[in-house]
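First the structure, in the form of structure tokens, and then the observations on it.
Only the coordinates and a few stated rules stand behind these numbers; no lab work does. Not measured: the values here are computed from a predicted model. In this analysis, Cβ positions are derived from the backbone assuming ideal geometry, glycine residues included, and neighbour counts consider all displayed protein chains.
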Amino acid sequence: MAPRIATTAAEAVANIHDSATILIGGFGNAGQPMELIDALMDCGAKDLTVINNNAGQADAGLALLIKERRVKKIICSFPRQSDSWHFDEAYRAGEIELELVPQGNLAERIRAAGAGIGGFFTPTGYGTLLAEGKETRVIDGKGYVLESPISADFALVKALRADTHGNLIYRKTARNFGPIMAAAAKSAIVQVDDIVQTGQLDPEVVVTPGIYVDTLVALGGKN
Amino acid sequence: MSTFTTTEAALNRDEMAKIVAADIPAGAFVNLGIGQPTNVSNFLTAQQGVTLHTENGMLGMGPVATGDDIDEDLINAGKIPVTELPGASYFHHADSFAMMRGGHLDVCVLGAFQVSEAGDLANWHTGAPGAIPAVGGAMDLAIGAKATWVMMGLFTKTGESKLVEALSYPVTGLGCVSRIYTESAIFDLSGGTVTVRSTHGISFEELAQRLPIDLAKAA
């Protein structure tokens, strides 16, 4: 089925409900779907579980959701940064739960969810605090940790361009978590600079096939 | 692998970076960690043909971007704007870490709090009460590359060796470090044996006295 095309970011996120689990793309600000996050702020959904590489930067996007205590749990690899003051405050106040995951395990857990994998053994984290309580196995003399998939109700993703089938292309390192998050969510909501007619994207360069995309919104952009 | 050498003065940061750069094999795929390791890129030569990987999804990373070249969609793992070189490629995060974990990178250079004689690495968390932990790609990098090298100061501010018998800081990866570059000496680690390749501003004998582990001297 072709994706729903929303006319505004607010319309795109209107179905997000309290207690939803949301994958949010971006590595730092690159690929962070800022307008969709702003719309999520405005829609009022709370008690959210958010998966992102970081825990918000400065006074924008995810940092503001955390500041307003709308996020009850964050799953990320790198929360502490020089400008993560809203997360730091919420964490020290005991008002946000943190699940810290090595970055490659975070990516693979998201990929696994989209690929229907029930779990996987990874060498990353073996013998560390982040593997405590997890099943381990030695395979061919090397230690591995059992990790589980991370699926979600929604994904908020930023791509460069879509066609009306939902096929996506990205731009430079802003691609980061976008493709795997779109696949791992029940409902993938994607903001793009522009939406072109079907047939206008070269099938050879499509990065995310439209099968993974549920809602599109074109917000313009400087690229 | 090399003849023992010594210099009168300790190495400064640029000298360390220059030695690391010269040790990287021609044509290698390399990931340079945040901090001191990033400086290594300034001493790689075009003739070496080294390709730099950044964990956020790029091979063929070029120098830091300035002026009109700054593009918010093109950043490195430290979230600093960078440039792309001819032959660059972009890929998503799962591919980027599969590339790392799958043993496709030849060398990764990281900073460290401590390294043990068995090559165990601590560089992600001090374990201090109240410290907010953050791991990023440290654990993936430590165990993923074919060779993991560390750049660090050899001693803490209070003079204790950061090359230790057993880690006191939380582990990043077990048995993963094969070489350590410090201002005072360069070490090769293999099978629990620590071999001093060179000393700088300190003799082998003094070094052996100050470190809490047994040291072998390169031939």
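Annotation: the antiparallel percentage among DSSP beta bridges lying fully within chain A is about 25. Annotation: the residues B:CYS176, A:CYS43, sorted from fewest to most other C-beta atoms within 10 Å of their own C-beta, follow the order A:CYS43, B:CYS176. Taking Cα atoms only, the orientation of helix A:103-115 departs from the longest principal axis of chain A by about 60 degrees. Would you mind checking the stretch A:47-61 for residues with the amide N under 12 Å from a putative spin-label position 7 Å along Cα→C-beta of A:LYS72? Residues A:47-50 qualify, since their backbone N sits under 12 Å from the label point. List the residues of the stretch A:149-192 whose backbone N lies under 19 Å from a point placed 7 Å from the Cα of B:HIS104 along the Cα-to-Cβ direction. So the set is A:170-181. Here the dipole of the protein assembly as shown is about 460 debye; that uses its Cα centre as origin and unit charges on the Cβ of Lys and Arg (positive) and Asp and Glu (negative). Among A:LYS67, A:LYS158, A:LYS134, the order by Cβ neighbours within 10 angstrom, fewest to most, reads A:LYS134, A:LYS67, A:LYS158.
All alpha carbon pair distances within the stretch A:33-128 were sorted into 5 Å bins beginning at 0; the resulting P(r) in whole percents reads 3, 13, 22, 22, 17, 12, 9, 2, 0.
A simple spin-label model places the labels of A:LYS134 and A:PHE121 1.4 nm from each other, with each point 7 Å out along Cα-to-Cβ. For peptide A:174-184, the mean count of partner chain Cβ atoms within 10 Å of a residue's Cβ comes to 5. Between A:GLY28, A:THR215, A:ILE195, whose Cα lies farthest towards the positive end of the dipole of chain A when Lys and Arg beta carbons carry +1 and Asp and Glu beta carbons carry -1, centred on the Cα centre? Of the listed residues, the answer is A:GLY28. Rounded to 0.05, the FRET efficiency of the B:THR45 and B:ASP68 pair, given R0 = 22 Å and the Cβ-Cβ distance, is 0.25. Computed about its Cα centre, the charge dipole of the stretch B:90-219 is approximately 140 debye, with only Lys, Arg, Asp and Glu carrying charge at their Cβ. Averaged over the residues of B:54-61, the number of partner chain Cβ atoms lying within 10 Å of the residue Cβ comes to 5.
For B:SER190 and B:SER168, what is the calculated FRET efficiency with R₀ set at 22 Å and r taken between the beta-carbons, to the nearest 0.05?
So, using R0 = 22 Å, E works out to roughly 0.45.
Largest GNM mean-square fluctuation among A:LEU146, A:LEU168, A:LEU160, using chain A with Cα springs under 10 Å: A:LEU146. Here chain B is assigned +1 on the Cβ of each Lys and Arg and -1 on the Cβ of each Asp and Glu. Its dipole about the Cα centre then comes out at about 420 debye. Largest GNM mean-square fluctuation across B:ALA22, B:ALA138, B:ALA128, computed for chain B with C-alpha springs under 10 Å, falls on B:ALA128.
Shape analysis of the protein assembly as shown yields a ratio of the Cα radius of gyration to the Kirkwood radius, Rg/Rh, of 1.00.
Rounded to the nearest 10 degrees, the angle from helix A:34-43 to the longest Cα principal axis of chain A is 90 degrees. Taking the fewest neighbouring Cβ atoms within 10 Å as the starting point, the ordered list for B:TYR181, A:TYR126 is A:TYR126, B:TYR181. Pair-distance distribution P(r) for chain B, from all Cα-Cα distances in 5 Å bins starting at 0: 1, 7, 15, 19, 19, 16, 11, 7, 4, 1, 0 percent. Using the Karplus relation 6.51 cos²θ - 1.76 cosθ + 1.60 with θ = phi - 60°, the per-residue 3J(HN,Hα) values for the stretch B:28-39 come to 6, 9, 9, 10, 9, x, 6, x, 3, x, 4, 5 Hz, with x marking Gly and Pro. For A:189-199, what's the mean count of beta carbons from other chains sitting within 10 Å of each residue's beta carbon? Mean partner-chain Cβ count within 10 Å for A:189-199: 0.
Within the stretch A:5-19, what residues put their amide N at less than 17 Å from the label point 7 Å along the Cα-to-Cβ vector of A:ASP42? Within reach of a label on A:ASP42, which here means backbone N under 17 Å from a point 7 Å along Cα→Cβ, the stretch A:5-19 contributes A:6-17.
Place +1 on the Cβ of every Lys and Arg and -1 on the Cβ of every Asp and Glu in the stretch B:5-217, take the dipole about the Cα centre, and give the residue among B:ALA208, B:SER190, B:ILE24 whose Cα lies farthest towards its positive end. Checking the options against the dipole of the stretch B:5-217, the answer is B:ALA208. Of the residues A:ILE139, A:ILE16, A:ILE75, the one that moves most in a GNM of chain A with alpha-carbon contacts below 10 Å is A:ILE139. Helix B:13-23 axis versus longest C-alpha principal axis of chain B: approximately 80°, rounded to the nearest ten. Considering only B:MET61, B:VAL115, B:THR38, the residue lying farthest towards the positive end of the dipole of chain B is B:VAL115, judged by Cα position with unit charges set on Cβ.
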